[in-house]
1. For the list (1) in the same structural domain as residue 471 (by TED's automatic domain parsing); (2) at pLDDT 75 or above; (3) part of a loop (DSSP other than H, G, I, E, B); (4) over 25 Å from residue 526 (Cα atoms), I need the number of the one condition that residue 358 fails.
2. Out of curiosity, is residue 177 within 22 Å of residue 310 (Cβ to Cβ) and without any contact (Cβ under 8 Å) to a residue 40 or more places away in the chain?
3. Could you tell me whether any residue of region 261-271 is within 10 Å of the chain's Cα centre (by Cα) and modelled with pLDDT under 75?
4. Let me spell it out: the conditions are (1) modelled with pLDDT of 90 or more; (2) crowded, with 18+ Cβ neighbours inside 10 Å, and residue 343 meets all of them except one. Which number is the exception?
5. Which numbered condition in (1) at pLDDT 50 or above; (2) touching a strand residue (DSSP E or B) at 6+ places or on another chain (Cβ under 8 Å); (3) part of a loop (DSSP other than H, G, I, E, B); (4) surrounded by 15 or more Cβ atoms within 10 Å (Cβ to Cβ) is the only one that residue 66 fails?
6. Collect the residues in region 124-157 that are buried (at least 19 other Cβ atoms within 10 Å of the Cβ) and either in a loop (DSSP other than H, G, I, E, B) or not assigned by TED's automatic domain parsing to the domain that holds residue 67 (or both), keeping them in residue-number order.
């Protein structure tokens, strides 16, 4: 279920900030309640007060930040539904009447076709920007996804782009007039940001992040900044703005590109850490030995390709010493089965290792069904070879990963919060950490490197080109319950590129696992929380601790079940 949320002001002194979930029940079910949170019944809604709502100055600043964000919405961009919102609002832009039919046509296209249409003058940059401003306003009203909205600045830039097109007769770059959203982590010149923390909120950078500057030079229009979790380390977006869903240019240190893409039917790509520039973002509030990366969430494979091409065409390694000087290389998929030298299999075939599970948590039935469907399809392709790939040492890898996220025990994070209470999933991820000595860090890094070599050795010995595996062991889970990251964080640990793509598989009521005997507490939690299994038997002790983002190549609908 996609929860529609709204952050606003209430009447009571102790409930000034409330988050509304539009549902047909008065109170959330027990498994969705957040410890230490007060609930209040609303009209076909329930509301909860944020844990920091009684923290005096912190709450007052949070309220000012929310009001500053909301003030960016002029009256023509304020959508007020006449009835309670449906549980799935993904098609509301088509049915609400908030967008004209031409605007619906515009926002329904992917970036590649939109760039071509603007270049061919089928649309102006201004009308495209106007359409996406209205779409973004609708998304904010229904999913609370924005940290900043900049229609005035976006329309001014679109006007300039149209004038340049008229003057020169050609676009300023390959992304001329294409609207792009940016995760709040990255600087956009003149746009306020918060990084998910109250104390850092309101900062207005004077310069673009490196990757943003490249996209601006290519002609992109920046309309919104999307919210991010407190500490950037959740499997959902929960911060002082409220609970959200987000899209856009993303960062990924445990699955933050791939998880949202997987749960929203998008394409998402996490490059290796030295591929795309990361400079110009709000500093991570941790001392980590697990490298993050910047990547796209897009509506099509060709959009991901366009994004990477534009960035690497700018040769960012000439300004960023941390990047590998490697241009984008074209691979013609017509070479499959035709002796193309880029593939590792016999006769130039694409050789795929299928990882059915990670050895700790078996994916639930609909995820297994999606993977089985993909495998059956690939088996019929003459240019593909399939072999089994077994995930190894996953529990140990998560133990090392979770400790290397915060080798200072979370000290810098607590300093950045400045007294702002941690949300439950922030508490959960920090609970894995402790302050490590230099010797302990060295030992963990050495073991990390040994495991990386072990995986690389198996990958090479099997002559693999790619691993196909679930994006997550479950579809999207209820808020505050995603505590298993290993299907995604494995590839951050290895520092391998990873992508997600939609399969078209939907979760149905027939997808329940009946009487499955769980092997550990992590399986028990995920199977019960997903609502897709009737669990039997007792769990074994010592399950791996993790949080549910998404990892590689399989996507399911956001619905837990079709009601």
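The values are calculated or read from the model by the stated rules, or taken from the named source; none is laboratory data. If you're wondering where the values come from, they're calculated on a predicted model, not measured in any experiment. Neighbour counts are summed over all protein chains in view; Cβ atoms, including those assigned to glycine, are modelled from backbone coordinates with ideal geometry.
1. The single condition residue 358 does not satisfy is (4).
2. So residue 177 fails the test.
3. no
4. (1)
5. (3)
6. Result: 144, 145, 150.
This table checks each residue for (1) at pLDDT 80 or above; (2) in contact with a helix residue (DSSP H, G or I) (Cβ under 8 Å, 6 or more places away or on another chain); (3) buried (at least 23 other Cβ atoms within 10 Å of the Cβ).
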| residue | (1), (2), (3) |
| --- | --- |
| 443 | yes, no, no |
| 455 | yes, yes, no |
| 459 | yes, no, no |
| 466 | yes, no, no |
| 515 | no, no, no |
| 523 | yes, no, yes |
